[in-house]
Amino acid sequence: MSVTMTPAATERVKSFMVNRGQGLGLRLGIKTTGCSGLAYVLEFVDDLNEDDNVFDIESVKIIIDTKSLVYLEGIELDFVKEGLNEGFKFTNPNAKGECGCGESFNV
């Protein structure tokens, strides 16, 4: 089982964690929503759940629950800046398609 992060994403998450001052890591998950059916969710984690999988990448802990891991196996998390916009970008080998606005995907 693999999850990867680019150096830009790793540094951004480290910066968020330092600014927050507490927490175990960052949860990457999915929720049902949008035009295509599924959307990515990022949130801080203070306590682990029983079904959590923890990936330690360059001292950053990415936490994914077992149900979401089925859809996120092999994902790469990147942080990109394009003009005035910046944000996390997900490269998911399991995604078969995305909606036009890029907010959701399907498998």
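The values are calculated or read from the model by the stated rules, or taken from the named source; none is laboratory data. Owing to the predicted nature of the structure, the values given are computational and were not obtained by experimental measurement. Note: ideal-geometry Cβ built from the backbone for every residue, glycine included; neighbour counts use all protein chains shown.
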Please tell me if Glu43 is under 13 Å from the mean Cα position of the chain (by Cα) and acidic (Asp, Glu). yes
So which residues in segment 58-80 are surrounded by fewer than 16 Cβ atoms within 10 Å (Cβ to Cβ) and either touching a Gly at 6+ places or on another chain (Cβ under 6 Å) or within 19 Å of Val18 (Cα to Cα) (or both), if there are any at all? Glu58, Ser59
Restricting to segment 71-93, name every residue that is over 12 Å from the mean Cα position of the chain (by Cα) and in contact (Cβ under 8 Å) with a residue 24 or more places away in the chain. Val80
With the checklist (1) aromatic (Phe, Trp, Tyr); (2) closer than 22 Å to Arg12 by Cα; (3) surrounded by 17 or more Cβ atoms within 10 Å (Cβ to Cβ) in hand, flag the one item Phe44 doesn't pass. (3)
May I ask you to list pairs of residues, at least six apart or on different chains, whose Cβ atoms are under 8 Å apart, with the first in segment 45-68 being without any contact (Cβ under 8 Å) to a residue 60 or more places away in the chain and of a type in the set (Lys, Arg) and the second being assigned to a strand (DSSP E or B) and loosely packed, with under 15 Cβ neighbours inside 10 Å? Lys61/Val54
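Here's the yes/no breakdown for (1) part of a strand (DSSP E or B); (2) within 21 Å of Glu86 (Cβ to Cβ); (3) out of contact with any Pro (no Cβ under 7 Å at 6 or more places or on another chain):
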{"site": "Arg12", "(1), (2), (3)": "no, yes, yes"}
{"site": "Asn19", "(1), (2), (3)": "no, yes, yes"}
{"site": "Tyr40", "(1), (2), (3)": "yes, yes, yes"}
{"site": "Ile63", "(1), (2), (3)": "yes, no, yes"}
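The rows are residues; the columns are (1) out of contact with any Phe, Trp or Tyr (no Cβ under 6 Å at 6 or more places or on another chain); (2) crowded, with 16+ Cβ neighbours inside 10 Å; (3) at pLDDT 90 or above.
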{"position": "Met1", "(1), (2), (3)": "yes, no, no"}
{"position": "Pro7", "(1), (2), (3)": "yes, no, yes"}
{"position": "Leu28", "(1), (2), (3)": "yes, yes, yes"}
{"position": "Thr33", "(1), (2), (3)": "yes, no, no"}
{"position": "Gly37", "(1), (2), (3)": "yes, no, no"}
{"position": "Asn92", "(1), (2), (3)": "yes, yes, no"}
Could you go through segment 5-19 and let me know if any residue there is touching a strand residue (DSSP E or B) at 6+ places or on another chain (Cβ under 9 Å), among the charged types (D, E, K, R) and closer than 23 Å to Ala95 by Cα. no
Can you pull out the residues in segment 28-50 that are under 21 Å from Asn94 (Cα atoms) and touching a helix residue (DSSP H, G or I) at 6+ places or on another chain (Cβ under 7 Å)? Leu28, Gly29, Ile30, Leu38
